[in-house]
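For reference, the structure discussed in these notes is given below.
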Amino acid sequence: MKTKYTAGLIPITLAFAATGVSAEVPGSAGQKELVSAHAAWLARVNANDQVEGVKDFTDDALIVGGEGPIVEGRDAVRDYVAILGGRPGFNVAFDLERATVSSDGAIGYVIGSAMITSLDSNKRRVGGRVRLLTVWRKIDGVWKCYIDAPLSVPS
């Protein structure tokens with residue numbers, strides 16, 4: 001069943017707008033919860049809601065991507081998100097490809113592609129497409145992002 005979830009909505013990879021996202025919504029309740037948590041997280045990213053957005057990460061969260069250093073821990077994630085969210089017009093448009101949850105429902109991952117853009121000094125939208133992998137843990141009944149890994153797309 002094709003479902004579209006839309007929000008005027010940080011990854012960054014972290015923080016993104018899930019506007020016009022169309023995806024096959026997985027069948028299990030765990031997968032549906034994970035997809036919902038991922039969409040809400042992206043909405044907070046795109047809204048530059050750094051306070052609430054950082055709560056979506058585990059205390060030992062990692063952001064692994066690009067050529068920069070690994071961002072490790074909630075405080076470092078908060079600082080990283082503030083830099084990305086501070087870019088004028090920062091936006092992430094995400095297309096879900098797959099969401100999978102372990103049989104015990106404790107861990108899951110989401111794979112898709114994202115167009116990450118912002119505005120340059122001439123107010124033109126610039127950016128690029130990445131593959132996105134996020135790994136989630138369920139902690140006290142709530143999905144939290146453990147690893148956010150935006151990956152380059154080969155040309």
For Ile116, Ile63, Ile70, give the ranking by accessible area with the largest first, probe 1.4 Å.
Ile70, Ile116, Ile63
Run through the DSSP bridge list for the stretch 53-155 and note the antiparallel percent, rounded to the nearest 5.
90 percent
Nearest 0.05, what FRET efficiency do Ile70 and Glu97 give at R0 = 25 Å with Cβ-Cβ as r?
0.55
So, R0 is 41 Å and r is the distance between the beta-carbons of Ala29 and Leu119; what FRET efficiency does that work out to, to 0.05?
0.55
Please report the carbon-and-sulfur percent of the accessible area for the stretch 80-155; probe 1.4 Å, protein heavy atoms only, DNA, RNA and ligands left out.
55 percent
Could you pull the accessible area for Val130 with a 1.4 Å probe, rounded to 10 Å²?
30 Å²
Working note, the stretch 21-155: Cα radius of gyration (Å, one decimal) and Dmax (Å, whole number) are 14.6, 50
Rolling a 1.4 angstrom probe over the protein heavy atoms, how many square angstrom per residue are accessible across the stretch 91-155?
55 Å²
May I ask you to compute the full-extension gain from Ile111 to Arg129, defined as 0.36 nm times their residue separation minus their alpha-carbon distance, rounded to one decimal in nm?
5.1 nm
Quick one: what are the phi-derived ³J(HN,Hα) couplings along the stretch 81-87, Karplus 6.51/-1.76/1.60 with θ = phi - 60°, whole Hz, x for glycine and proline?
5, 4, 5, 5, x, x, 6
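The values are calculated or read from the model by the stated rules, or taken from the named source; none is laboratory data. The shown structure was predicted, so the numbers you read here are calculated from the model rather than taken from an experiment. For neighbour counting, all protein chains shown are included, and Cβ atoms are generated from backbone atoms with ideal geometry for every residue, glycine included. Just so you know, the surface numbers come from the protein's heavy atoms only, side chains and all, with ligands and any DNA or RNA stripped out. Shrake-Rupley method; radii C 1.70, N 1.55, O 1.52, S 1.80 Å.
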